Amino acid sequence: MLLFTLFLVFTWLLEPATIILSEPASGLPAQTGQSKEFHLHGEYGLFVRELPDSIEVNWITENADSGFLEVFVEGEVRHEAGTPLSRAHTAKVAKKNYRNIVLRYGGRQNPEDSNRTTIRLPKKKKKAKAVFNDVDSIFVVGDVHGRFIQLRQLLTNAGVIDKALNWTGGRAHLVLLGDLFDRGHDVTRLLWFLYNIEYQAQRRGGRVHLVLGNHEIMTIVDDLRYLSGKERLIADYHRTTYAKLFDIYESVLGKWLSTKPALLKINNVLFAHGGVTPNYAHYTVNSYNEALFSRMREPIFFDLLQDSVVTAQYDSETYENRLAFFFGNLSPFWFRGYVLSETLGKYLKYVLTKFDANIHVVAHTPVKSIAERYNGDLIAVDLQDAATEMLLLVRHKRKSFKRFRYDINGRVTDLE
C-alpha cells in the first residue's frame with residue numbers, strides 16, 4: 001500500500017490528479033505528408049451494419065452515380081441491389097446463416113469505382129486473445145491517427161504487406177498500439193485495411209493486434225473534438241453521427257473494435273497505449289481485458305461524459321470508478337508518466353514484476369523517434385510525425401529481444 005500511495009503522490013505532483021477529458025491541442029507538432037486529396041469512395045467511406053434480420057451496406061461513390069451492390073457467398077452471387085443517382089448509397093440484404101460474405105459495390109457509370117470488401121459475421125463476439133508465447137518477431141506501431149498512406153508505406157517497405165495490401169509478414173506479429181482515430185483523414189480506410197489483414201495474417205501463421213487507445217474510447221462514447229472534417233463528412237453522407245459508424249452493437253467495425261484488448265502481452269513484453277501503473281497491477285492481462293469488455297457494454301459507459309443531470313442516475317461510487325477506469329490520467333489509456341519522467345523506475349519495475357514481463361512498450365506520449373527509457377525497460381513508440389517509424393523486436397534468447405527501428409523508407413537501425 002505504501003508503494004501505491006507514494007506513486008499517487010508523485011503523479012499528483014507531476015500533473016494534476018484530475019480526470020482527463022481531452023488532450024491539449026497546443027504543443028502538438030504538425031504532421032507532414034498527409035494527402036490533400038480526400039477519398040470517400042470504396043473503403044474510405046464504407047459503413048456496414050449487422051442488424052437482426054439484415055445486413056445494411058452504405059457506401060459513397062466517387063461521383064454522383066447510380067450504385068450497385070453484389071453479395072457473394074462461397075464465390076457465388078446470392079444478392080444484388082441497385083440504387084438511384086447519388087453519391088451516398090444504401091442497400092439491405094436479408095441476413096442468412098452466413099459466416100463470411102464478400103461485398104462488391106460502387107457506381108455503375110464509372111468502371112473504376114468498383115470495390116470489394118470481405119465481411120466476417122461470427123455468431124458470437126468474443127474477446128480477442130491477448131497473451132501469446134513463443135513469438136520470434138514483433139513489429140510495433142504507435143499512434144497512427146488516420147494516416148493510412150504513411151502506414152501503408154511503412155509496412156510495405158518493411159515487407160509486412162505487399163503493394164496489393166496483402167499480408168506478407170509470415171509468422172510475425174504486428175501490434176498497433178492504439179489511437180487509430182482522429183486528426184488524420186483516412187481513419188475509416190485504415191480500419192478496413194486492418195480488419196482485412198488481421199484475418200490474412202492469422203491464416204498465414206502471423207497475427208495483427210489492435211490495442212485500444214484513448215481515442216478509440218473517445219470516439220465510441222461520442223467525444224469527437226479531434227475528428228477531422230473529412231471523416232465527419234462520411235457520417236454526414238450516411239445521415240448519421242460519426243460515433244454511430246462505430247456503434248459496438250450494430251456496426252461491423254464497431255463490433256470488431258469492441259472485442260480488442262487494452263493490455264497485450266507477447267512473450268515477456270507488456271503492451272499498453274499509455275502505460276500500466278501500479279494502480280492497475282492487481283489485474284492480470286486477461287482479467288483487465290475481461291473488465292474492459294464487460295464495462296464497455298454497461299449503459300453507464302455511454303453516459304460517462306454526459307452532464308451531471310444524466311450521470312446523477314448512477315451510483316456515485318460506480319460512476320467515479322468507471323470514469324477513472326476509462327478516462328483517469330493513471331489509467332492504461334491515458335498515463336504519460338513513464339515517458340515524461342525519469343524517476344519512476346521502481347514503479348515500472350513493480351509493474352513488470354507483477355505482469356512477469358521484462359519490457360513495457362507504450363505509445364500516447366509523442367517522442368521525436370522511437371526511444372528506450374529506464375535502461376531499456378520501457379520503449380516509447382508514439383511519434384511526433386505519426387506512422388513514420390516502427391519498432392521491431394526479434395527474439396534473441398528465450399527472454400530477450402534484439403531491438404530495431406524501421407523508418408518509413410525501409411531503413412533499419414539498432415535501437416540505442
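Assuming 1.306 mPa s and 10 °C, estimate D for segment 42-120 with Stokes-Einstein, Rh taken as the Kirkwood radius over Cα pairs, in µm²/s.
The Stokes-Einstein estimate is 127 µm²/s.
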Which of the residue pairs Lys92/Lys124; Lys129/Lys397; Lys123/Lys399 have a Cα-Cα distance greater than 26 Å in the structure shown? Lys123/Lys399
Quick check on the chain: helices-only [θ] at 222 nm, where DSSP H runs of length 4 and up contribute -39,500 (n - 2.57) each and the sum goes over total residues. Nearest 500, please. -7000 deg cm²/dmol
Which is farthest toward the positive dipole end of the chain among Ser228, Thr83, Tyr406, measuring Cα position about the Cα centre, with Cβ charges +1 (Lys, Arg) and -1 (Asp, Glu)? Tyr406
Rounded to the nearest 20 Debye, what is the dipole magnitude of segment 274-392 about its Cα centre when Lys and Arg each give +1 and Asp and Glu each give -1 at the C-beta? 300
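Would you mind calculating the relative contact order of the chain from Cα pairs under 8 angstrom and at least 6 residues apart, reporting the percent as a whole number?
Result for the chain is 17 percent.
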What is the packing order of peptides 407-416, 113-122, 388-397, 174-183, taking the mean over residues of other C-beta atoms within 10 Å and listing the highest first? 174-183, 388-397, 113-122, 407-416
Modelled label-to-label distance, Arg99 and Lys125, 7 Å Cα→beta-carbon offset: nm? 2.0
Just report the Cα centroid separation between segment 339-416 and segment 235-255, whole Å. 34
Would you calculate the separation in nanometres between label points at Asp307 and Phe38, each defined as 7 Å from the Cα along the Cα-to-beta-carbon direction? 3.1
Relative contact order of segment 42-120, pairs being alpha-carbon contacts under 8 Å that are 6 or more residues apart, as %: 33
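Rg(Cα) of the chain divided by 2.2 N^0.38 Å?
Computed over Cα atoms of the chain, the ratio equals 0.99.
What percent do you get for the relative contact order of segment 246-368 when only Cα pairs under 8 Å and 6+ apart count?
Contact order relative to length: 38 percent.
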Longer than 22 Å from Cα to Cα, which of Lys265/Lys368; Lys96/Lys125; Lys127/Lys265; Lys265/Lys354 are they? Say none if no pair is. Lys265/Lys368
Once label points are set 7 Å from the Cα along Cα→Cβ at both Asp136 and Glu290, what is their separation, rounded to one decimal in nm? 3.4
Which of the aspartates and glutamates could a cross-linker bridge to Lys95, judged by Cα under 17 Å and excluding same-chain residues fewer than eight apart? Glu50, Asp53, Glu56, Glu70, Glu74, Glu76, Glu80, Glu250
Starting from the coordinates of the alpha-carbon atoms of segment 146-233, obtain the Kirkwood hydrodynamic radius over all distinct pairs and give the value in Å to one decimal. 13.5
Provide, for q = 0.13, 0.17, 0.19 Å⁻¹, the log10 of I(q)/I(0) from a solvent-free Debye sum over equal Cα point scatterers in segment 113-267. -0.60, -1.05, -1.31
Can you compute the equivalent ellipsoid semi-axes for segment 205-260, i.e. the square root of 5 times each eigenvalue of the Cα gyration tensor, sorted largest first and rounded to whole Å? 22, 13, 11
Among 137-144, 192-199, how do they line up by average Cβ neighbours within 10 Å per residue, starting with the highest? 137-144, 192-199
Pull up the DSSP beta bridges for the chain and report the antiparallel fraction as a percent, rounded to 5. 75
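Here, each number is a calculation from the coordinates, and none is a lab measurement. For clarity, every value in this text was computed on a predicted model and none was experimentally measured. Cβ: placed from backbone, ideal geometry, glycine included. Neighbour counts: every protein chain shown.
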